[in-house]
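The values are calculated or read from the model by the stated rules, or taken from the named source; none is laboratory data. If you're wondering where the values come from, they're calculated on a predicted model, not measured in any experiment. For accessibility, only protein heavy atoms count, side chains too; no ligands or nucleic acids. Shrake-Rupley method; radii C 1.70, N 1.55, O 1.52, S 1.80 Å.
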Amino acid sequence: MSLFFFISAYFVTSSLERKAQRLFVKDKFIRLGIPVLISLVFIIPFIGNGFISYFVNFFKSGNIDLGVTWFCWTLIVFSIAYSIFVINKSQLGKRKNLAFRAVWRIIVFSFILT
């Protein structure tokens, strides 16, 4: 699983450089957030004990069962954290010329998160 996170993190930098921060976060919510929402509202309640009991247990315990979409949710959180981390536009301009250094920053950032 860590390899999948590393592969997705490798493309986050170039995606953030192509788009502004707002469009980047919006794109992540559309691409990753909609499947998580569909899974939480429609798929997981009907697979488990039932629709009503799922939401009753959710409101009693506050525990969200993400099922297999935990990976998408985690990618949303990491992408937003990274976009906040590099919000300074001057740093983005400097990094366009230093593509290799951007890879090292991703590696350091992933070690910090771990």
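Details
- Using a probe of 1.4 angstrom and keeping all protein chains present, the accessible surface of the chain works out to 71 square angstrom per residue.
- Just checking the listed ones, PHE51, PHE71, PHE24: in the Gaussian network model of the chain with Cα springs under 10 Å, the one fluctuating most is PHE51.
- Taking the C-alpha atoms only, the angle from helix 99-113 to the longest principal axis of the chain is near 40 degrees.
- Overall form of the stretch 38-77: oblate. Here a/c, set by the Cα gyration tensor axes a ≥ b ≥ c, is 1.5 or more, and a/b is not larger than b/c.
- The lysine pair tally for the stretch 1-93, using Cα distances under 29 Å and a gap of 8 or more places or different chains, is 4.
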